[in-house]
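Notes follow the structure.
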Amino acid sequence: MAEATRSRFSVDLDNIEQQLNQSGQQAASQKDPLAELARIVGQDDPFRALLDAGQTRKPEPARQPAPQPVYEPAPVSAPRVESAPSASDYQDRWEPEWEIEPNDWAASATPLSAGGRMRGYLGSAEDRDWFSITPDKTGLVMGTVNAPAGVDIVVFRDEDGKKVVNKRGAGDDEQFALDGEAGKPLFIGIARKLDGKKDPKEQALQGLDDPYELILNVTDK
């Protein structure tokens, strides 16, 4: 009876030893939490270098605004005041290469400068054109009148019409010379030669639509 009871409560020691060995191995494999925390704290933090770099980076200087261009107002000039045109201005604008009508007498003569060329028409039988020149130096005033075809030119060398030049025939050029004095005006008249035996209104006139040309030059005596 007693032997049967011992066998019922018998303990398998080998099995217990084996379980203890397994428990010890598992416990050994598990790390102490405090030791693990100490190990982690003691390790280098890979993010610490980034944090330290961010703390030690120097702040960038504030950007200054770009300078703006300065526009200065343009200077305002005073308005230009033009003087009223003089009589000579109107005269210069009046086709300087053509006679200025009316110029049928010396008092209304068309002015002509030395070395100038002037054109005109003898539009009727009794038409007479006058021109004036005031030399700027004393000398000889040489003149030529180019006649239209069929027109016999007469040149008057004084304002009274008494000094006449008519050496060539119809259609030929007439040449003349005058003594010029500096600052003293000279007057030159141009007309056509008519037949004194006939009424001027009944004479056939040539070159009514063709201009003559007067050319003047002042030379030293």
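Laboratory data are not the source of any read-out in this text; all were calculated from the coordinates shown. Here the structure is a predicted model, which is why all the values come from computation and not from measurement. We place every Cβ from the backbone using ideal geometry, glycine too, and count neighbours over all the protein chains shown.
Residues in region 192-202: is at least one out of contact with any Cys (no Cβ under 6 Å at 6 or more places or on another chain) and closer than 17 Å to I215 by Cβ? Before the answer, list the steps.
Taking region 192-202 first, the residues out of contact with any Cys (no Cβ under 6 Å at 6 or more places or on another chain) are 192-202.
Now narrow it down to the ones that are closer than 17 Å to I215 by Cβ: none.
Looking through region 192-202, none of the residues is out of contact with any Cys (no Cβ under 6 Å at 6 or more places or on another chain) and closer than 17 Å to I215 by Cβ.
Considered as a group, the residues in region 159-201 that are surrounded by fewer than 19 Cβ atoms within 10 Å (Cβ to Cβ) and touching a helix residue (DSSP H, G or I) at 6+ places or on another chain (Cβ under 9 Å) include one that is farthest from V141 (Cα to Cα), and that residue is L194.
Might you check whether a residue that is touching a helix residue (DSSP H, G or I) at 6+ places or on another chain (Cβ under 7 Å), assigned to a strand (DSSP E or B) and of a type outside the set (V, I, T) occurs anywhere in region 130-144?
Residues of region 130-144 that are touching a helix residue (DSSP H, G or I) at 6+ places or on another chain (Cβ under 7 Å), as a first pass: 130.
From what's left, assigned to a strand (DSSP E or B): 130.
Among the residues that remain, those that are also of a type outside the set (V, I, T) are: 130.
The answer is yes, given that some residue of region 130-144 is touching a helix residue (DSSP H, G or I) at 6+ places or on another chain (Cβ under 7 Å), assigned to a strand (DSSP E or B) and of a type outside the set (V, I, T).
Identification of strands (runs of 3 or more DSSP E) wholly contained in region 167-221 with 1 or more residues that are out of contact with any Gly (no Cβ under 8 Å at 6 or more places or on another chain), of a type outside the set (D, E) and without any contact (Cβ under 8 Å) to a residue 60 or more places away in the chain yields no element.
Given the criteria more than 17 Å from L216 (Cβ to Cβ) and surrounded by 16 or more Cβ atoms within 10 Å (Cβ to Cβ), does P148 qualify? Reasoning before the result, please.
Working: more than 17 Å from L216 (Cβ to Cβ): yes; surrounded by 16 or more Cβ atoms within 10 Å (Cβ to Cβ): yes.
Yes: the conditions hold for P148.
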